[in-house]
Amino acid sequence: MAKKLKFPAGFLWGVAASSYQIEGNNSNTDWWEWEKQGKTNEQSGTACDYWNQYEKDHDLLQKLGVRIFRTSIEWARIEPEEGVFSAEAINHYREILGDLKKRNIKTQVTLWWWTSPIWFQKKYGFHRRASIDIFSRYVEKATSELGDLIDIFTVFNEPMVPLGQGFLGGILPPGSKNPCKFIRAVNHVAAAHKKSYEIIHRIKPEAQVGITYLYNWYESEGSGFFLNAINRIAQWYRIGLLGNKIKDYQDYIGINYYRLGKIRFDMKNIKLDSRHQTYFGFTIEEDSNNPMRWITYAKGMKLVLEEAYEKYKKPIFITENGTPTNAGIEDDNRVEYIKTHLIEVHKCIERGIPVLGYNYWSLLDNFEWLDGYRPRFGLVEIDFSTLERKPRKSFYEYAKICKENALEIDN
Ligand code: BGC
């Protein structure tokens, strides 16, 4: 017998995507340069060409029946040269966001999703104090020009990922391995976030403003005191280090939950290799059947929601949750992933945790940073030679959930 898990009225069903990963040809960014230096498996090129073909993708959003679309805007397009703002790019973003509004789809817009203009990275970078004012000036401009079309603001997406891997691990731009620069950059991003929070509220008092955290669940193998301590440190590093500095400057907590990080200690692996998640002997176990080598763990969704609510006592938005498949249309395991994770979300809502909405990552197959185009996260498959969009089975299953505001499960 099937049973329906009803979600609260007004629950915001959505999907997420980021500008750099889908728009194509963002050649004025530090990431584009990084790709040209051969640091990624593939180059992003035209990506999904969302910049030109966004109406097609908005048709898909309507077919899905989502109430919200989480997207982002590119600083490098809006401010192509220091202090010079592009009216053309701003107008184009007005058209894109306006098109979503016409279709009655709410917008959740991220202002910085890992990419910076080349001029910013060359002259400033977040390790320099001046970055706070430079970044806030962009936020002020973007909010005054586009704010009327934005329902929910996310200032930074998962900043600890690019800060850690860009200033300590050296595998993302700007490619440094310098703990002093890292600490300074974390402090400056925290200050830039607080300043942006105030600017956005001054221009649009009713706005909802937050940040997203890559909030996976970490467990250590064995229950030794040492490993448990490492586990707590890993969690503090990923969430607490920045989150504690900005905790009163978030109207909601944005959680990107994907997987279980099982920490192990391996005496034979005393080296730093961020690309393979090896940190001086501590490694994260991998699932070789998964295109990102990630371990799926639906229960972790509940564990992170409980932990985040306990810590911040703020409404939560699940800003990303998803799983990769290989190229091709078949994605039964994605359907299973979505359902099992939503069951955990439902349990949390029943226990009184205020979850505002859920975004599946992602609408389309897209440019997966260092991994290029191989891992496919889309509800919609993209043929990257023709850019044809083909909905997968998960698209229809997720559409059903969005439309019914409920998940049907076997009893
Ligand atoms: C990031 C996305 C990325 C996804 C899958 C998230 O952490 O926000 O940009 O594509 O993970 O790796």
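A few remarks follow.
- Shape call, the range 265-411: gyration tensor on alpha carbons, a/c limit 1.5: oblate
- Centroid-to-centroid separation of the range 35-54 and the range 59-136 [C-alpha atoms, Å]: 17 Å
- Largest first, the residues Asp133, Asp251 sort by 1.4 Å accessible area into Asp133, Asp251.
- Pairs beyond 20 Å (Cα-Cα), from Lys3/Lys400; Lys3/Lys63; Lys245/Lys311: Lys3/Lys63
- Surface share of carbon and sulfur [accessible, 1.4 angstrom probe, percent] for the range 14-116: 42 percent
- Each peptide in 275-282, 158-165, 109-116 receives the mean, over its residues, of other Cβ atoms within 10 Å, and ordering these scores from highest gives 109-116, 158-165, 275-282.
- Ranking by accessible area, most exposed first, for Met292, Met267, Met1 with a 1.4 Å probe: Met1, Met267, Met292
- Near the amide H of Ser220, within less than 5 Å, lie the amide hydrogens of Ile263, all on another chain or at least 5 residues away, with H placed in the peptide plane.
- All C-alpha pair distances within the range 73-118, sorted into 5 Å bins from zero, spread as 5, 21, 24, 23, 16, 8, 3, 0 percent across the bins.
- Dimensionless Rg over Rh [the chain; C-alpha; Kirkwood]: 0.94
- Taking the helices alone, the chain has a mean residue ellipticity at 222 nm of -12000 deg cm²/dmol, built from -39,500 (n - 2.57) per DSSP H run of at least 4 residues and averaged over all its residues.
- For Thr278, the residues whose modelled amide H falls within less than 5 Å of its own, excluding neighbours fewer than 5 places apart on the same chain, are Asp273.
- When you count the other C-beta atoms within 10 angstrom of each residue and take the mean per peptide, 171-180, 359-368, 293-302 line up highest first as 359-368, 293-302, 171-180.
- Accessible surface, per residue, of the chain when the full set of protein chains is kept, probe 1.4 Å, Å²: 40 Å²
- Percent of beta bridges antiparallel (DSSP, the chain, rounded to nearest 5): 35 percent
- Distance in nm between pseudo-label sites at Tyr312 and Arg293 (7 Å out along the Cβ direction from Cα): 2.9 nm
- Leading residue at positive end of dipole, the chain (Cβ point charges), from Leu356, Tyr237, Asn333: Tyr237
- Accessible surface of Ile329, taken over heavy atoms with a 1.4 Å probe and every protein chain present, rounds to 80 Å².
- Of the Cα atoms belonging to the range 1-89, the radius of gyration and Dmax stand at 17.6, 62 Å.
- Amide H contacts of Gln208 (H built 1.01 Å from N, in plane; Pro and chain starts excluded): Phe153 sit under 5 Å, all sequence-distant by 5 or more or on other chains.
The values are calculated or read from the model by the stated rules, or taken from the named source; none is laboratory data. Source: prediction; values computed, not measured. Positions of Cβ are backbone-derived with ideal geometry, glycine not excepted, and every protein chain shown enters the neighbour counts. Just so you know, the surface numbers come from the protein's heavy atoms only, side chains and all, with ligands and any DNA or RNA stripped out. Shrake-Rupley method; radii C 1.70, N 1.55, O 1.52, S 1.80 Å.
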